[in-house]
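A short write-up of the structure that comes next.
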């Protein structure tokens, strides 16, 4: 496997880059030991090169000590962040800070799910991110926009905020979405992106979408390729 060009590895590299930028610029206005976060990222960054240029197959990459240690370092990072959020009842105080916090959560999820994605039989770039089935529970027009709608959605285990320009979205509908780097639209932070407005069947289970429709895969693949293009 050409690990240097594999989309899952490149998306991992992009996630570590995002975490380094957040920590380096201290974008989260909370009391936290930034030096410990930086140390964890330094370890992960060093191990990334061993992972990226290992040129082993996916199963061997999962079993690689560098992979386990890289993920372990970022789990430690995530624990430090989670403890700080809980102890301080932290909530972002601005759109920029909300973007940084959401980007950190996205990036941590990419790293923590890296081994799971490697074990998927399909190495389609679309599978380098998580594709979920979500159900819309609430919708609200975005103030100042004639086209944007803020949707509150659930995947069965957590709530997502997704801002979309898809017309006529409504509560009760199940849609596929891709968990991507957050986007700010008209002062609202979107945590994911709907992969078309074509509803999933009513009996679709919420959560990870194991067999996404082809049109959803096409859109997810296009988004992933935009990420990987910056990393090559």
Exercise. Quickly rank 48-56, 176-184 as a protection proxy: mean count of other C-beta atoms within 10 Å, highest first.
Key: 176-184, 48-56
Quiz prompt | Extension gain from residue 21 to residue 56, taking 0.36 nm per residue of separation minus the Cα-Cα distance | solution = 9.7 nm
Self-check item: Part-to-part distance (alpha-carbon centres) for the range 48-65 and the range 113-129, which is given in Å
Solution: 14 Å
Quiz item: From the square roots a ≥ b ≥ c of the eigenvalues of the alpha-carbon gyration tensor of the range 127-230, which class results: rounded (a/c under 1.5), prolate (a/b over b/c), or oblate?
Solution: oblate
Quiz prompt | Relative contact order, percent, the range 74-232 [alpha-carbon distance under 8 Å, six or more residues apart] | solution = 23 percent
Self-check item: Cα centroid of the range 161-232 to Cα centroid of the range 2-23, whole Å
Solution: 20 Å
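From the square roots a ≥ b ≥ c of the eigenvalues of the alpha-carbon gyration tensor of the range 1-104, which class results: rounded (a/c under 1.5), prolate (a/b over b/c), or oblate?
Since a/c reaches 1.5 and a/b is larger than b/c, the shape of the range 1-104 is classed as prolate.
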Quiz item: Using a Gaussian network for the chain with springs between C-alpha atoms less than 10 Å apart, which of these wobbles most: 85, 23, 189?
Solution: 85
Exercise. Name the shape class, rounded, prolate or oblate, that the alpha-carbon gyration tensor gives for the range 80-129, where a ≥ b ≥ c are the square roots of its eigenvalues, rounded holds for a/c under 1.5, and otherwise prolate holds if a/b is larger than b/c and oblate otherwise.
Key: oblate
Quiz item: For the range 7-123, what's the relative contact order in percent, using C-alpha pairs closer than 8 Å and at least 6 residues apart?
Solution: 40 percent
Quiz item: How high is the FRET efficiency between residue 63 and residue 2 when r is their beta carbon distance and R₀ equals 22 Å, given to the nearest 0.05?
Solution: 0.75
Self-check item: Spacing of the two label points (7 Å from each Cα toward its C-beta) at residue 80 and residue 146, in nm
Solution: 4.9 nm
Quiz prompt | Cα-based Rg of the range 32-178 normalised by 2.2 N^0.38 Å, two decimals | solution = 1.26
Quiz item: Full extension from residue 112 to residue 225: what is 0.36 nm times the residue separation minus their Cα-Cα distance, to one decimal in nm?
Solution: 38.6 nm
Exercise. Give the peptides 2-9, 129-136 in descending order of average Cβ contacts within 10 Å, highest first.
Key: 129-136, 2-9
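Read the figures in this text as sums done on the coordinates, not as results from a lab. These numbers come from a predicted model, not from an experiment. Methodologically, a virtual Cβ is constructed for each residue, glycine included, from the backbone with ideal geometry; neighbour enumeration extends over all protein chains shown.
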